[in-house]
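S.K.: What follows is a structure written as structure tokens; I'll ask about it next.
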Amino acid sequence: MQEQEVAVVVADVGTGNADVTAMIKLLKRENPQILSIVLTAASDSDLVIELINLAQIFRFLNKPVKVKVLKSHLHAALAQYITFQKSPHLLKQHRVQESAQVRNSSAGRKILAGLLSLPGRWFKA
């Protein structure tokens, strides 16, 4: 992620995977133009609600995921990313709340240090 501009992240999350969840939340806070597609085998509605509210995930897909479906969502995410590039003011609608708990956790601090060094930060939330 530090060598290439990132448009979309596809992440597999589930119960007990707090580091990935924290990364998605911090990623959206620091780089709102990056879109996340979340995959999970877990039926955890609380996790889904949390990621929608605190990370504004682009799509949520239950596993197993059909390749055709994932490909369709990736194309939609890339189209949205291009829209954000052309009209960065639209990103103001995608600001997420600061999560002090996530930011101040040991995993959060490590993840945040890496995110702040990413290229392509053409919008600061």
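S.K.: Starting from residues that are out of contact with any helix residue (DSSP H, G or I) (no Cβ under 6 Å at 6 or more places or on another chain) and hydrophobic (A, V, I, L, M, F, W, C), keep the ones in segment 1-11 and report whichever is surrounded by the most Cβ atoms within 10 Å (Cβ to Cβ).
M.R.: For segment 1-11, the residue satisfying everything is Val9.
S.K.: Out of segment 14-34, which residues are in a helix (DSSP H, G or I) and either polar (S, T, N, Q) or more than 19 Å from Gln80 (Cα to Cα) (or both)?
M.R.: Scanning segment 14-34 gives Ala18, Asp19, Val20, Thr21, Ala22, Met23, Leu26.
S.K.: Can you tell me which residue is farthest from Ala79 (Cα to Cα) among those in segment 12-47 that are among the small types (Gly, Ala, Ser) and surrounded by 18 or more Cβ atoms within 10 Å (Cβ to Cβ)?
M.R.: Ala22
S.K.: Which of the residues that make up segment 48-89 are aromatic (Phe, Trp, Tyr), in contact with a strand residue (DSSP E or B) (Cβ under 7 Å, 6 or more places away or on another chain) and either surrounded by 18 or more Cβ atoms within 10 Å (Cβ to Cβ) or part of a helix (DSSP H, G or I) (or both)?
M.R.: The answer is Phe58, Tyr81.
S.K.: Tell me which of these His73 doesn't satisfy, since it passes every other one: (1) modelled with pLDDT under 90; (2) over 17 Å from Gly14 (Cα atoms); (3) not small (Gly, Ala, Ser).
M.R.: Failed condition: (1).
S.K.: So, one more: Among the residues of segment 35-47, write down those that are without any contact (Cβ under 8 Å) to a residue 40 or more places away in the chain and either closer than 23 Å to Phe84 by Cβ or assigned to a strand (DSSP E or B) (or both).
M.R.: Passing the criteria: Ser36, Val38, Leu39, Thr40.
The values are calculated or read from the model by the stated rules, or taken from the named source; none is laboratory data. Remember, it's a predicted structure, so these values are computed and weren't measured experimentally. FYI the Cβ positions are ideal-geometry reconstructions off the backbone, even for glycines, and counts take in every protein chain you see.
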